[in-house]
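The values are calculated or read from the model by the stated rules, or taken from the named source; none is laboratory data. All figures in this text were calculated on a predicted structure; none of them were measured in a lab. Positions of Cβ are backbone-derived with ideal geometry, glycine not excepted, and every protein chain shown enters the neighbour counts.
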Amino acid sequence: MSHLLWKTLVLSPVVLGVTMLVSVRAIAAKVPGSSEDIKAKVAQAKAPIASAASIFIQTEQPKVNQQLVAQKTDDNNVLEEVNRYSSEGENQNSLSQVTSVSQFSDVQPTDWAFQALQSLVERYGCIAGYPNGTYRGNRALTRYEFAAGLNACLDRVNELIATATSGLVSKQDLATLQRLQEEFSAELATLRGRVDAVESRSAELEANQFSTTTKLVGEAIFAVTDNFGNNDNNNTVFQDRVRLDLQTSFTGKDTLHTRLAAGNAVGLALPGGTFEGTQTFSLSPSTNNSVYIDWLSYYFPIGNSQVYIAASGGIQSDYVPTVNPYFEDYDGGNGALSTFASESPIYRIGGGAGIGVNLAFGKNSGSFQPSLTLGYLASQANNPGLNTGLLEGNYAALGQLNLKVGDRITLAATYVHGYHNGGTVLFDAGSASTTTGVVGTAQANFVGGGNPYSTNSYGFEAAFKPSDKLSISGFAVYSDIRGFGANDDSEVWSYGLGVALPDLGKKGNVLGLFAGIEPYVGGNTGDKPYHFEGFYKYRVTDNISITPGVIWLTNPGQLAGNNDDAIIGTLRTTFTF
């Protein structure tokens with residue numbers, strides 16, 4: 001008990017720091033910021049990555065040239081003039097004397113100018129966007145809005161004259177345009193000045209942009225973690241992981257991912273050398289903040305289907321629907337804390353390099369939307385040595401039937417066939433070190449008695465969303481182990497069920513509760529390794545979230561006899577940009 005009290009005191013500065021961060025945000029909300037600029041640079045979303053291949057990749061925001069600073073004053077003057085016209089007449093109770101017609105804020109539908117422009121728009125099609133080409137609406141327009149429509153008509157008439165179709169423009173209409181142009185000369189000058197300023201700035205940005213095809217999407221995670229169980233040999237740790245993903249599109253529908261990653265997370269020491277309680281930010285190619293290319297892949301469409309090719313660092317969930325909303329964040333920092341709660345362990349079998357494809361049946365219209373996902377990944381594809389390579393080394397071939405019923409129910413049935421060399425783990429997720437598992441007990445990973453073995457794994461996943469404020473999802477996994485040595489056969493089981501409450505307390509927040517049994521060897525005399533997890537993701541801003549959470553593991557390691565529980569506490573802060 002004294003040990004638990006001591007660690008609570010150790011973490012108290014962290015809690016204080018969170019409180020200060022939330023307070024600072026409340027103060028900063030009163031100061032105009034650049035959140036809209038930041039928002040424009042963020043990829044989203046964490047929609048599934050496989051569907052992101054169909055999204056056009058915009059250009060990364062370039063660095064601002066020093067010459068633009070000199071333009072800032074002129075731009076502000078232009079915008080101030082535009083705002084003045086847009087805000088004219090807002091104070092209807094003002095007693096100041098009106099000295100000019102331009103001081104009235106609105107052009108009423110009954111005004112001659114309004115009716116004249118409406119007639120010109122409908123005859124010459126000046127303003128696009130209306131299906132029948134008419135000038136819709138009977139509301140009053142600000143003088144600036146009216147000038148924008150008038151400018152469009154002037155451009156259209158000039159175009160007709162330039163193409164030798166001036167006979168279509170009557171002298172009466174030209175006289176009307178001249179009268180309108182004279183009365184709204186100030187607004188037209190302001191509008192055109194603003195356009196010129198925008199064009200100048202756009203040209204400057206284009207000349208200094210990073211790339212016309214690539215954008216940068218980043219994530220940085222800070223996490224404080226400790227184990228509060230009895231017989232605990234772990235100290236409180238402060239760890240990090242950073243991912244920088246260069247997303248490139250060549251056609252507007254494809255995506256090339258080149259992701260750099262670095263981190264320093266080291267897993268907690270739990271009984272039995274278990275991989276239970278592994279957290280998603282611990283999945284990094286390094287533990288000393290060295291930078292590596294941890295993922296290199298390419299998505300492109302073929303008809304209604306999506307093809308995925310991984311050259312390095314590919315995992316099954318890169319291309320297959322995991323059917324675990326709000327818990328799955330593709331091992332990012334905005335979903336569940338643990339690798340177990342984020343997705344079914346069946347997707348952790350195999351990884352590395354290979355190919356995957358999502359085959360859509362028909363146009364996927366209506367409430368019944370079936371699809372088929374196929375894939376093959378090899379964790380030693382780059383090694384030409386004996387019993388390695390793309391076909392002779394560790395591999396996993398996946399097939400999954402997906403069924404979406406309306407917007408509320410999603411079902412999936414998964415099969416994975418794998419081959420594993422002796423001494424390598426079952427749930428490796430294609431890690432560079434094939435002796436390091438990412439989920440489950442050590443016994444469930446080191447199957448086959450040290451000899452090569454093959455696996456046939458079967459999984460079922462389901463998600464039900466009865467309302468926008470509640471989501472229920474779960475999975476069940478069974479793996480049949482066929483060892484190539486005597487008495488090497490075994491079975492591995494796992495189950496999980498999660499309940500998520502999105503937008504709890506604030507839009508973007510998520511409360512997640514998850515319970516299940518981590519992968520364990522069936523028939524073992526040890527107790528089953530239960531996993532209970534709770535977390536609350538609090539969105540401080542669009543780009544910052546704080547997630548406190550607890551992971552409770554019973555009988556870690558699936559050891560026989562009395563084995564103390566492990567209670568892992570984590571405070572995770574995630575920055576996305």
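Structure values in brief
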| read-out | value |
| --- | --- |
| Selection within the range 411-467 - in contact (Cβ under 8 Å) with a residue 40 or more places away in the chain and on the phi > 0 side of the Ramachandran plot | 429, 430, 440, 448 |
| Residue within the range 287-296 that is free of Cβ contacts under 8 Å to residues at least 60 places away in the same chain and acidic (Asp, Glu) present | yes |
| Candidate set from the range 185-227 (those that are of a type in the set (A, V, I, L, M, F, W, C) and at pLDDT 85 or above); member that is farthest from residue 153 (Cα to Cα) | 224 |
| Test set (1) more than 20 Å from residue 350 (Cβ to Cβ); (2) outside any loop (DSSP other than H, G, I, E, B); (3) touching a helix residue (DSSP H, G or I) at 6+ places or on another chain (Cβ under 6 Å) - residue 253 fails condition number | (2) |
| Odd one out for residue 302, checked against (1) at pLDDT 95 or above; (2) farther than 27 Å from residue 535 by Cα; (3) over 18 Å from the mean Cα position of the chain (by Cα) | (1) |
| Selected residue (only one of 454, 467 is surrounded by 14 or more Cβ atoms within 10 Å (Cβ to Cβ) and assigned by TED's automatic domain parsing to the domain that holds residue 394) | 454 |
| Residue 277 being in contact (Cβ under 8 Å) with a residue 12 or more places away in the chain and either surrounded by fewer than 18 Cβ atoms within 10 Å (Cβ to Cβ) or more than 30 Å from residue 468 (Cβ to Cβ) (or both) | yes |
| Residue in the range 556-571 that is part of a strand (DSSP E or B), free of Cβ contacts under 8 Å to residues at least 40 places away in the same chain and of a type in the set (Val, Ile, Thr) present | no |
| Options 383, 387, 358, 324; residue that is over 30 Å from residue 421 (Cα atoms) and either assigned to a strand (DSSP E or B) or not basic (Lys, Arg) (or both) | 324 |
| Residue match in the range 462-485 (condition: basic (Lys, Arg) and over 23 Å from the mean Cα position of the chain (by Cα)) | yes |
| Residues of the range 471-505 classified as of a type outside the set (A, V, I, L, M), without any contact (Cβ under 8 Å) to a residue 60 or more places away in the chain and touching an Asp or Glu at 6+ places or on another chain (Cβ under 9 Å), total | 9 |
| Residue satisfying condition, being surrounded by fewer than 17 Cβ atoms within 10 Å (Cβ to Cβ), of a type outside the set (Lys, Arg) and on the phi < 0 side of the Ramachandran plot, within set 321, 285, 384 | 384 |
| Members of the range 395-441 that are of a type in the set (A, V, I, L, M, F, W, C) and at pLDDT below 90 | 432 |
| Qualifying residue in the range 514-535 (condition: aliphatic (A, V, I, L, M) and at pLDDT 95 or above) | yes |
| Total residues in the range 250-302, condition basic (Lys, Arg) and touching a Lys or Arg at 6+ places or on another chain (Cβ under 8 Å) | 1 |
| Residues of the range 486-499 satisfying the condition of being surrounded by fewer than 24 Cβ atoms within 10 Å (Cβ to Cβ) and under 28 Å from the mean Cα position of the chain (by Cα) | 495, 497, 499 |
| Unique residue being in contact with a strand residue (DSSP E or B) (Cβ under 8 Å, 6 or more places away or on another chain) and free of Cβ contacts under 8 Å to residues at least 60 places away in the same chain when the list is 251, 225, 236, 213 | 251 |
| Hits in the range 529-542 - residues which are crowded, with 16+ Cβ neighbours inside 10 Å and not β-branched (Val, Ile, Thr) | 529, 530, 531, 532, 533, 534, 535, 536, 537, 538, 539 |
| The range 266-310: number of residues that are in a strand (DSSP E or B) and farther than 21 Å from residue 435 by Cα | 13 |
| Residues that are in contact with a Lys or Arg (Cβ under 6 Å, 6 or more places away or on another chain) and in a strand (DSSP E or B), drawn from the range 399-425 | 410 |
| Residues that are exposed (fewer than 14 other Cβ atoms within 10 Å of the Cβ), touching a helix residue (DSSP H, G or I) at 6+ places or on another chain (Cβ under 9 Å) and within 15 Å of residue 115 (Cα to Cα), drawn from the range 175-203 | 179 |
| Selected residue (only one of 414, 435 is touching a Gly at 6+ places or on another chain (Cβ under 7 Å), over 23 Å from residue 552 (Cα atoms), loosely packed, with under 15 Cβ neighbours inside 10 Å and in the same structural domain as residue 325 (by TED's automatic domain parsing)) | 435 |
| Residue in the range 527-536 that is touching a residue at least 40 places away in the same chain (Cβ under 8 Å) and either more than 20 Å from residue 344 (Cβ to Cβ) or small (Gly, Ala, Ser) (or both) present | no |
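Residues are listed down the side, and each one gets a yes or a no for (1) charged (D, E, K, R); (2) closer than 13 Å to residue 120 by Cα; (3) not in a helix (DSSP H, G or I):
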| residue | (1), (2), (3) |
| --- | --- |
| 147 | no, no, no |
| 157 | no, yes, no |
| 172 | no, yes, no |
| 187 | yes, no, no |
| 190 | no, no, no |
